[in-house]
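The values are calculated or read from the model by the stated rules, or taken from the named source; none is laboratory data. Keep in mind it's a predicted model, so treat the numbers as computed, not measured. Note that we place each Cβ from the backbone using ideal geometry, even for glycine, and neighbour counts take in every protein chain shown. The accessibility values were calculated without ligands, DNA or RNA, using every heavy atom of the protein model including side chains. Shrake-Rupley method; radii C 1.70, N 1.55, O 1.52, S 1.80 Å.
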Amino acid sequence: MTRIDELRILVPVDVSEAEPPPLDVLDHLGAVEVVLLGYFPVPDQAEPALLRDQYGPTATDRLDAVADEHGHPAEVLVFTHDREATIDRIADEYDCDTVLTAGSSTVVDRVLVPLRGDVNLDRILAVVADLLLAGNETATLFHSVPEGANPTQGELLLMGAVDRLVEYGVERDRVDWRLSQGGDPQTDIVELGAAYDLVVLGETDPSLRERIMGDVLSAIVDALEVPALIVRDVE
């Protein structure tokens with residue numbers, strides 16, 4: 001199985017806001033490379049260049065302050081009409097494996113990993129393995145089975161995923177799995193995620209604009225109080 005050589009995380013930060021988002025989780029993710037994207041939302045009727053002239057120094061200072069607190073990662077400042085498209089473009093430009101959304105966790109001890117099937121599974125497990133091998137976290141793999149469906153396939157998916165993490169070198173006692181039957185997957189993830197420090201989600205649609213900000217993932221990320229690490233499907 002192929003490991004990701006160096007996990008690279010894109011962290012979007014709204015630099016139009018004076019108060020930076022809580023990013024303490026960055027200091028607990030082990031050996032990862034961070035790209036800090038400072039974006040300044042521009043109204044449709046305004047010109048990005050004009051707002052950059054007006055707010056550029058302030059936005060730069062705010063982005064620098066966030067970088068100073070988290071190990072001086074690479075910084076990118078963009079004044080944009082389209083936040084989602086900017087995240088997509090910068091993630092591609094910097095070859096980022098994941099995108100991190102802010103949350104309230106100050107430590108990362110327990111990681112929840114919802115799995116929907118084979119889609120993007122290899123990359124999700126590679127990212128989880130990198131995180132676990134770089135620290136002392138434990139992970140719970142989770143799958144939701146629709147009402148009336150045979151749970152056997154879900155159980156096989158989860159047990160197989162555990163085996164693959166062990167093949168990567170993760171100790172088996174650091175990984176467990178949970179299967180839910182008959183519930184709403186979105187609700188299950190949000191409710192279960194409250195007991196964890198980080199939720200690792202996988203994107204599946206053709207673009208980050210749809211994958212990260214689309215209906216399902218967007219609703220989950222917005223409802224979570226803990227950070228979400230969204231694994232890009234870039235194969």
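For the chain, the 222 nm mean residue ellipticity estimated from helices alone, with every DSSP H stretch of n ≥ 4 adding -39500 (n - 2.57) and the total spread over all residues, rounds to -11500 deg cm²/dmol.
Relative to the longest principal axis of the Cα atoms of the chain, helix 121-134 runs at roughly 80 degrees.
Once neighbouring chains are kept in place and the probe is 1.4 Å, which whole percent of the accessible area of the stretch 110-231 is contributed by carbon and sulfur?
45
Calculated FRET efficiency, D53 to E6, Cβ-Cβ distance, R0 = 30 Å: about 0.25 to the nearest 0.05. Set Lys and Arg Cβ to +1 and Asp and Glu Cβ to -1, take the dipole of the stretch 4-101 about its Cα centre, and tell me which of G71, L37, L7 lies farthest positive. The Cα lying farthest towards the positive end belongs to L37. Sparsely packed loop sites in the stretch 59-166 (the GluC sites (Glu not before Pro) outside DSSP H, G, I, E and B with at most 11 other Cβ atoms within 10 Å) comprise E147. Comparing P146, L157, Y168 along the charge dipole axis of the stretch 110-231, the residue lying farthest to the positive side is Y168, per the Cβ-charge model.
The accessible surface of the stretch 1-61, taken with every protein chain in place and a 1.4 Å probe, is 46 percent carbon and sulfur.
Scaled against the 2.2 N^0.38 Å expected of a compact globular protein of N residues, the Cα radius of gyration of the chain reads 1.04.
Computed from the Cα positions only, the extents of the stretch 110-231 along the three principal axes stand at 35, 32, 29 Å, in decreasing order. Given +1 at the Cβ of Lys and Arg, -1 at the Cβ of Asp and Glu and no other charges, the dipole of the stretch 64-127 around its Cα centre is 340 debye to the nearest 20. To the nearest 20 debye, what is the magnitude of the charge dipole of the stretch 4-101 about its Cα centre, counting +1 on the Cβ of each Lys and Arg and -1 on the Cβ of each Asp and Glu? Charge dipole of the stretch 4-101: 180 debye, to the nearest 20.
Among V221, V13, the sequence by solvent-accessible area, most first, with a 1.4 Å probe is V221, V13. For the set D68, D24, solvent exposure ranked by accessible area (probe 1.4 Å, protein chains only) runs largest to smallest as D68, D24.
Per residue, the chain exposes 48 Å² of accessible surface when a 1.4 Å probe is rolled over the protein heavy atoms with every protein chain present. Here the Gaussian network model covers the chain, with springs between Cα atoms less than 10 Å apart; of D197, D130, D173, D173 fluctuates the most. A Cβ-based charge dipole, computed about the Cα centre of the chain with Lys and Arg at +1 and Asp and Glu at -1, lands at about 380 debye.
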